[in-house]
Every structure is written in structure tokens, then in C-alpha cells.
1. Restricting attention to segment 301-320, does a residue exist that is within 16 Å of the ligand (Cβ to nearest atom) and open to solvent by less than 90 Å² (accessible area, probe 1.4 Å)?
2. Return the pair list, or none, for Cβ contacts closer than 6 Å from residues in segment 67-83 that are of a type in the set (Gly, Ala, Ser) to residues that are open to solvent by less than 40 Å² (accessible area, probe 1.4 Å), at least 6 apart or on different chains.
3. Does segment 359-378 hold any residues that are closer than 19 Å to Val401 by Cα and either open to solvent by 70 Å² or more (accessible area, probe 1.4 Å) or away from the ligand (no atom under 14 Å from the Cβ) (or both), and which are they?
4. Within segment 78-86, identify whether any single residue is touching a Pro at 6+ places or on another chain (Cβ under 9 Å), surrounded by 14 or more Cβ atoms within 10 Å (Cβ to Cβ) and modelled with pLDDT of 85 or more, and answer yes or no.
5. Considering only residues of segment 108-134 that are in contact with a strand residue (DSSP E or B) (Cβ under 8 Å, 6 or more places away or on another chain) and open to solvent by less than 30 Å² (accessible area, probe 1.4 Å), which is nearest to Asp69 (Cα to Cα)?
6. Scan segment 379-428 for residues that are small (Gly, Ala, Ser), free of Cβ contacts under 8 Å to residues at least 40 places away in the same chain and either open to solvent by 60 Å² or more (accessible area, probe 1.4 Å) or more than 16 Å from the ligand (Cβ to nearest atom) (or both) and jot them down.
7. What are the pairs, 6+ residues apart or on separate chains, where a residue within segment 184-195 that is at negative phi and among the charged types (D, E, K, R) has its Cβ under 6 Å from a residue that is open to solvent by less than 80 Å² (accessible area, probe 1.4 Å) and not in a helix (DSSP H, G or I)?
8. Does Ile148 qualify as being among the aliphatic types (A, V, I, L, M), open to solvent by 60 Å² or more (accessible area, probe 1.4 Å) and closer than 26 Å to Leu260 by Cα?
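The values are calculated or read from the model by the stated rules, or taken from the named source; none is laboratory data. What you are looking at is a predicted structure, and each value in this text was computed from that prediction instead of being measured. Here the Cβ positions follow ideal geometry from the backbone for every residue, glycine too, while neighbour counts run over all protein chains shown. Ligands, DNA and RNA are stripped out before the accessible areas are found, and what is left, the full protein with its side chains, is counted by its heavy atoms. Shrake-Rupley method; radii C 1.70, N 1.55, O 1.52, S 1.80 Å.
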Amino acid sequence: MKTHTMHIGLDDTDSTRGGCTTYVAALLVEKLEKLGAKFLDYPNLIRLNPNVPWKTRGNGALCLRIKYDEGLEDQIKEAAISLVEEHADLNFKGTDPGIVFLTKAEVPEEVTAFAKNAITGIVTLKEAMRLIEKFEGEALGFNTCRGIIGALAAIGETLQGDHTFELIAYRVAENCGLKRKVDETSIFKMDELTRPYTFNNVDVEKGRVIITPRGPDPILFGIRGETPEIVKKAFGIVKPLEPVERWVIFRTNQGTDAHLRQVHALNQIKPYNSVIVKGVVSQNPRIIPLRHVIFSIKDESGEVDCAAYEPTGALRKVAVKLAIGDSIEACGAVRKPSQGKPLTVNLEKINILALAPKMSYRNPLCPKCGRRLKSMGKNQGLRCEKCGSKFAGLGKVAVAVNRELKTGLYVTSTRSQRHLTKPIRRYGLEKCGRTAESLIEGWHSS
Ligand SMILES: [Zn+2]
């Protein structure tokens, strides 16, 4: 019998009051397997541009890539559609689910380019529909149909470059909305035993566990790491204190900085994009209400504000020590300016390239005995308190002050990192291609 390849993209089935698109994907995994489909990859969890103004949550879309016998096509599509209909919060304003089916062995380059734009910037539904039509895909949207954008983008991002894995464990329905019960000590132990190959397990600054989300969604916890083997091993160490309904390993662009795009001049940055941009500090940091820190950077083309908000923790502490003349690379989301204000980069990372020398002006030492001279008043000259000498012609001297700051990379605190932010722990572990050609045994519960 003839076999075909299909990419199934899903997006935006969740709302602030519940649901989770990864969960719909996890259910679909089970259904497709029962139908006899073969998985070509782990389910892909693709985080899209976190700055899209109409998205306030994780902005994650899913793609399942399968091989199946001709004749199963209708049943496969029916399974996906009925799961979305059953589990999406369709009556919630702002929940706009989308499903895209693309029956192609290879993902077209144009769809991959579309995905890159959806991760770093803004794309339109019109553009998505044009591509779906061109490549004979099939799209199904609910409400505003905006989910079709993410569903197609998830298909297009095939994660050929850097990528990571996340094992997500789900709760039974009756526990959703209740406090999550997981043995915290086991999470700290897991972090210790699997580092640096897992990341974002705990916030060391606050001594807090962060693998358990807060909201009413069905996720009990998610473990992020470099390989499917390590997240599965870590899963074995964590002790849940409530039933795990199912678990699945996803391949993802989380923790890869995929949203950041290098911009070569400050006047080129656009609202809603996430950028990496160089500049020289042009206005000293100032602390505004709620302890946020704001400073400005400039280059030959223009000037922008940079903001390190209170929850960025460690990053805020670095930002406040910057001074005019420091050369930095700022990474973060560009916020649309309020009237008359410059664009603002909401900092996720600061790479300090060079520190300007900071000078302080002090009285010189006594040429006779070495004690620091004292001023006798305006235009009165200097006097030594120890030996009594007076000096009319000596002025203040410049002394280099210790900056209490080192060049290098600083990243926002774990608790305020976006899904896409590459944490310090991952530097040096980046993958430059796909290594996991086949799926490990048991990549989901059965
Ligand atoms: Zn003296």
C-alpha cells in the first residue's frame, strides 16, 4: 500500500481559563498511533514571537509529522478536528484555534521562511492562507481563525538548527485548577543530577521550583533539556504527589533565542520584534517607580531606551550599574512607544562589550608626607592636616574608579525568562543540526 507524509499544525486552543494546545497534541499522538500512523519526529512545540500584541500567554504552536497508509487520511484529519473541537475553549474571546494539514514529504522553503518570520516578527493570516493554497494544504480555523498562522508556522519550523526537548506530564482532569502536588525536594535533586543538560528547573535566586506552571491548564510539570534521554531520566527522578494522566516528549525551539534577530542600526528596530542590537550608553540608568531601571543607548543612526524590569532580577542589578560611554549589546523585545517617547527594548539579556573608564576627581596627596590634602575653601588652595604645608597651585586629580561591573553576558533571572530565551546553562551546548534521527523507545506514555 502507498504511504504518505503529513504535517499537522495546531495552534491556539487554550485560553486563560484552561486548556493547552500541547495537551490536545498529546491526545492526538495516542489517537494517531491507534490508527496506525508512524511518527517521523517527536511532536514539535514551536514558540512563536512572544511580542505579538494579541498574545499574552506562551504563544506555542504544535506540529505532528507522520507517515500513514493511503486510505487513513480522512480518519486522521477527523481525529485532529474532533479533538480540537472537543478541547478548545471555543467560547472564550481571544481563543482562535487553527488546524493546518500539509501532505508533503518535504516542508516547502517558503513555509519555513514564513515560520522564521512568525518567530521573530509579525506575519498575517492572508500570507498564511496564500501559502496554504499554493502548497495545497488544508486549513480549518475557528473564531477569527488566527490560529491558522501559528499552525502553519509550526509546520514550517522543522528545527534543523539548535533545538531542545521538553517532557510534559499532564494532570488528571479532576485536579486541574487545584494546587499542583510535586515533591519539591525531588525537583532540586533532579536539577543537581542532570545539570547542565536540563535547564529552567529551579530559580536559584529565590530557591523556587519553576517546572510547575501556575494557571488552570492540565500541565503538571515540564522538564526541559538537551536530549530526549536526559528529560526522560529527569522525569524518573521527579516525584509527583498526584496522578500523572499522561506524558509526552516534545522537540522544541525553547531556550534557543530563536526569536532574537540581529539588527545593525538602532533606527532599523521595529515594534513587536525581538532584537539584538549594539549601542553606547547615552543616558545613565535611572530607577523609575516599581524599581524598574531605564537607560538609553545610541549609535550614529539613533537612540532608544532600554528597560530592565524589576522581575528581571540579576539583569536589573547589572543595568543599574551601567554608565554613559559603556558599549553594550542589548537583547529583547521592542515595545511600541507611547506618545512622544522613544522605542524601548525590554531587556532579556545585556552583553557588556566594553566599560567606559569612570573617573572621580579628588584632591592630590601631600608632596611632602603623602597624606591626602584638604581644601581650605573656594580658591583658597589645599592644606595638609598632618604636616601643615599649604599649596596654592595644586588642583584636583582624576582617579579611575573601580566599576564593580565586568564585561560579558548577563541574562534575566530564570523566573522571568521567556520560553525562547536561551539560559546561561545552554551556552556551549547548542546543536547545529538535527542529531536525533530516530525516536527513542518510549517517548510518550502508552
Ligand atoms: Zn603633608
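1. no
2. Close Cβ pairs satisfying both conditions: Ala80/Ile8; Ala80/Leu28; Ala80/Ile99.
3. Once the filter is applied, which keeps residues that are closer than 19 Å to Val401 by Cα and either open to solvent by 70 Å² or more (accessible area, probe 1.4 Å) or away from the ligand (no atom under 14 Å from the Cβ) (or both), segment 359-378 yields Met359, Ser360, Tyr361, Arg362, Leu365, Arg372.
4. Yes: segment 78-86 contains one or more residues that are touching a Pro at 6+ places or on another chain (Cβ under 9 Å), surrounded by 14 or more Cβ atoms within 10 Å (Cβ to Cβ) and modelled with pLDDT of 85 or more.
5. Only one residue tops the list, namely Ile132.
6. Ala392, Gly393, Gly395, Ala398, Gly428 - these are the residues of segment 379-428 that are small (Gly, Ala, Ser), free of Cβ contacts under 8 Å to residues at least 40 places away in the same chain and either open to solvent by 60 Å² or more (accessible area, probe 1.4 Å) or more than 16 Å from the ligand (Cβ to nearest atom) (or both).
7. So the pair list comes out as Glu184/Val209; Asp191/Asn201; Asp191/Val202.
8. So Ile148 fails the test.
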